[in-house]
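The values are calculated or read from the model by the stated rules, or taken from the named source; none is laboratory data. Computed from a predicted structure; not experimentally measured. Neighbour counts are summed over all protein chains in view; Cβ atoms, including those assigned to glycine, are modelled from backbone coordinates with ideal geometry. Keep in mind that these areas ignore ligands, DNA and RNA; they rest on the heavy atoms of the full protein, side chains included. Shrake-Rupley method; radii C 1.70, N 1.55, O 1.52, S 1.80 Å.
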Amino acid sequence: MSRNGNTIFSLILSGEIPSHKIYEDEFVYAFLDINPLSRGHTLVIPKEECSTMDLLSEKSASSLGMALPKICRAIIKITGAENYNIIQNNGEKAGQTVPHLHFHIIPRYPESTHSFVWNPSPIDHSDASELSKAIFYELG
Ligand code: 5GP
């Protein structure tokens, strides 16, 4: 677990900074993003002070896993958005600006114009074969 209790999200969790709360349980908090890409853009965070996914405890992970689908269902029901993206950035170079783990839930409406940069290239099967085996064995 990473202890970094200085982020803006810690202040939101402690109530020192106000937020538009949409969900809370013992381990999870969700609130509307202050600069939404679309109406209903939500941030879902563990209460645990943890910066990136690889550092998250199993308890928080399991609570987040349970909460996310429930929150998605409520957002699509209330906003009417039939489509949405879930984005989760880890590390500054991966686009993370607040070092407290968070999931973005971003509704997409027919009129939405926001985009995510995505420039794929075909897989290298020889490298993929080695890589997949190495990660598979690491996971035991
Ligand atoms: P990241 O770039 O780290 O994936 O996303 C951080 C998100 O936190 C951004 O979308 C940003 O708008 C949001 N954010 C930053 N500060 C605040 C705040 O004080 N309140 C709320 N509600 N959202 C914030």
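Across region 87-114, the residues whose backbone nitrogen lies under 17 Å from the label position 7 Å along the beta-carbon direction of residue 135 are 88-91, 94.
Computed over protein heavy atoms with a 1.4 Å probe, the carbon and sulfur contribution to the accessible area of region 1-70 reaches 56%. Phi angles across region 41-46 convert, under the Karplus curve 6.51 cos²θ - 1.76 cosθ + 1.60 with θ = phi - 60°, into 3J(HN,Hα) values of 3, 10, 10, 10, 10, x Hz, Gly and Pro given as x. Here the dipole of the chain is about 460 debye; that uses its Cα centre as origin and unit charges on the Cβ of Lys and Arg (positive) and Asp and Glu (negative). Note down the accessible area of residue 113, probe 1.4 Å, to the nearest 10 Å². Here the accessible area works out near 130 Å².
Tell me the mean residue ellipticity at 222 nm calculated for the chain from its helices only (DSSP H runs of n ≥ 4, each -39500 (n - 2.57), averaged over every residue, nearest 500). Result for the chain, helices only: -10000 deg cm²/dmol. A dipole drawn for region 8-139 from +1 and -1 charges on Cβ atoms has a positive end, and of 129, 55, 109 the residue lying farthest that way is 109.
Taking amide H as placed 1.01 Å from N in the peptide plane, the amide H of residue 28 sits under 5 Å from that of 47, each at least 5 places away or on another chain. Across the options 41, 66, 89, the greatest Cα extent toward the positive end of the charge dipole of the chain (unit charges at beta carbon of Lys, Arg, Asp, Glu) belongs to 41.
With equal scatterers on the alpha carbons only and no solvent term, can you work out the Debye log10 of I(q)/I(0) for the chain at 0.10 1/Å? For the requested q values the scattering log ratios are -0.41.
Between residue 127 and residue 61, what is the FRET efficiency for a Förster distance of 22 Å, r being their Cβ-Cβ separation, to the nearest 0.05?
On the way: r = 29 Å, r/R0 = 1.32.
The formula returns an efficiency of 0.15 here.
At most 13 other Cβ atoms within 10 Å plus a DSSP loop assignment makes a site exposed; report the longest stretch of the chain without any exposed GluC sites (Glu not before Pro). It runs 27-81. Think of a 1.4 Å ball rolled over the protein heavy atoms: the chain then has 68 Å² of accessible area per residue. Distance from the C-alpha centroid of region 1-63 to that of region 85-140: 19 Å, rounded to the whole angstrom.
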